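The values are calculated or read from the model by the stated rules, or taken from the named source; none is laboratory data. In this text, all values refer to a predicted model and were calculated from it rather than measured experimentally. Using ideal geometry, Cβ is built from the backbone for each residue, glycine included, and neighbour counts are taken over all protein chains shown. What goes into the accessible areas is simple: the full protein's heavy atoms, side chains included, and nothing from ligands, DNA or RNA. Shrake-Rupley method; radii C 1.70, N 1.55, O 1.52, S 1.80 Å.
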Amino acid sequence: MTIDPPALATAAALIRQQDLSSRELTEACLTRIDELDEVLRAFITVEASSARQQADAADDLIRRGRFNGPLHGLPVAIKDNLSVANRVTTRGSALFRDHVADDNAGVVDRLAAQGSVHLGTTNLHEFALGVTTENPHFGICRNPWNHDRTPGGSSGGSAVAVATGMALGAIGSDTSGSIRIPAAACGVVGLKPTYGRVSTYGCYPEAWSLDHVGVLTRTVEDAAILFDAVSGHDPRVASSLDLAPSRTVSDLDSERPLRIGIEESFFFADVDPGVESVVREMLQSLADAGAQVQAVSVPSLSDAIYALTVIDTAETTAFHDEQLRHHGNEYGPDTRLLVECGALPSAVDYLHAQQIRSQVRDDFRRAFSQVDVIASPTLPIQTPRVGEPVIQVEGRERDRDGELMRLVGPANLAGIPAVSVPCGLLHEMPVGMQFMGPALGEAAVLRAAAAVESRYRLPDVPRRRATYG
Amino acid sequence: MPDPTPIDRVRDRYPETPDEDASALQEHAEHLVSLRRSVRTSQLQWVEPALTFDPRGGAR
């Protein structure tokens, strides 16, 4: 009989006590994949055979009293834009369907060094250039809470794998919300760290100055464990911060009252009333429990969407330039269009955008001199249906992709850490709450997320719905 | 001579851009203009862009 895959921290303790083997855990995840993934399409490649071998090797070491690290024997999945040596790394693209990577991404090396079991690579929006994971080459990834709804993206496969127990944790990447959007849509915890805190070596670029690698897990403690395991300096990456690995797990239990900032004019403007109500109820609950909630101002956010639009599209196009020119017919229509759009901004637009970025960074820094974190909804809308590029909110049409990125993008622009944590259910779909913190303030955002988690624990995805939608 | 349309500008770089992308490119170009007009550029003149060059370690 296979077990139900537990949370990552629970599994680590059971393995350490030798009450559970890595092989049993790995089999449990592989069974879930067998049961669910034909419909959900969370994985592009499942490495069942090598995962079993790695699990057996981990168990053998445990029997000899050796542990490689906090992830020893734990099955983890990796977004398929991160290279795994000698394995196919598709980047979600038909162009790279048979591409075998020469070496590991930095984060893959870290996972291996900490003893994790590599389950396989997860589905993503083609080249990570989109927020729905409707991948024309490897299948439409679906939300396990309702198969008609998008899981979000671009790290949609990673979020679905974690939400359904197909993996105990997963690695994603986030350029304009690509970890936090699917985390919110699928009801898991998603952490985008400070820019440069986790190596981007071997991560297929989207927009160099906005790209972050981070983690998706079922609980906040799991996110802290996985983030601590993969963070740290990588001299191969110019933007990598020369810092030792983080130690956020030990900070989660701090008793110090949280100071939570609320910025109304950007982060609560035009939010779906149902979503806003769930988030404000949680804020009130946090205040009732002792958190200090106060208004803050980040005036330059009014120009943030312009800056993000220009920087993201221009950097994407610069990277894809040669490839699109010669292989444009192998791109999906939406990713081809996105790369084409980046040819429209001028050099002056790009430099103005980088000036705005300086202002946004400085305004956030001033706000964080007053508060530990700034809270907002992760998404201003309810989770859209698959294949629905325009949505209706209170009778008004809105662009789905713009809405999904609207509240999460500023943290990429400023390079600050941000987490999405489930804070309620609305029409039987999860609602996510975002906390942003100062640069290197991962402990603060995770502590705030843990406070939410202590007041609301999202139920597991009902098995019937994960299977049948 | 009329101003080039967005698809003309994109085709300068990517000649194979299909006709079917014309309307979405036009829409994006209009969105970009609208966003640009909303920016308070008067406040930007003395702001240093978030780009620096470190001669010790390469471009950052």
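What's the total number of residues in the range B:13-30 that are more than 8 Å from every other protein chain (Cβ to nearest Cβ) and under 16 Å from the mean Cα position of the chain (by Cα)? Residues flagged as more than 8 Å from every other protein chain (Cβ to nearest Cβ) and under 16 Å from the mean Cα position of the chain (by Cα) within the range B:13-30 amount to 3. For the range A:19-55, the tally of residues that are more than 22 Å from the chain's Cα centre (by Cα), among the polar types (S, T, N, Q) and over 21 Å from A:Leu226 (Cα atoms) stands at 4. In the range B:46-56, is there at least one residue being open to solvent by less than 70 Å² (accessible area, probe 1.4 Å) and among the hydroxyl-bearing types (Ser, Thr, Tyr)? No, because not a single residue in the range B:46-56 is open to solvent by less than 70 Å² (accessible area, probe 1.4 Å) and among the hydroxyl-bearing types (Ser, Thr, Tyr). Considering only residues that are open to solvent by less than 40 Å² (accessible area, probe 1.4 Å) and either within 14 Å of A:Asp222 (Cβ to Cβ) or assigned to a helix (DSSP H, G or I) (or both), which ones fall in the range A:1-26? Within the range A:1-26, A:Pro5, A:Pro6, A:Ala7, A:Leu8, A:Ala9, A:Ala11, A:Ala12, A:Ile15, A:Ser22, A:Leu25, A:Thr26 meet the criteria.
Residue pairs whose Cβ atoms lie under 6 Å apart, separated by 6 or more positions or on different chains, with the first residue in the range A:318-338 and without any contact (Cβ under 8 Å) to a residue 40 or more places away in the chain and the second open to solvent by 70 Å² or more (accessible area, probe 1.4 Å), are A:Gly328/B:Glu16. Total residues in the range A:357-378 satisfying the condition of being more than 7 Å from every other protein chain (Cβ to nearest Cβ) and either assigned to a helix (DSSP H, G or I) or open to solvent by 10 Å² or more (accessible area, probe 1.4 Å) (or both): the figure is 11. Considering only the range B:37-56, I want to know if a residue exists there that is in a helix (DSSP H, G or I), hydrophobic (A, V, I, L, M, F, W, C) and facing chain A (nearest Cβ under 7 Å). Looking through the range B:37-56, none of the residues is in a helix (DSSP H, G or I), hydrophobic (A, V, I, L, M, F, W, C) and facing chain A (nearest Cβ under 7 Å).
Mind checking whether some residue in the range A:315-331 is more than 7 Å from chain B (Cβ to nearest Cβ), over 16 Å from B:Asp8 (Cα atoms), open to solvent by 50 Å² or more (accessible area, probe 1.4 Å) and of a type in the set (Phe, Trp, Tyr)? Yes: one or more hits.
Just checking, how many residues over the range A:152-181 are within 24 Å of A:Asp4 (Cβ to Cβ), assigned to a loop (DSSP other than H, G, I, E, B) and not β-branched (Val, Ile, Thr)? Residues that pass the stated criteria total 5.
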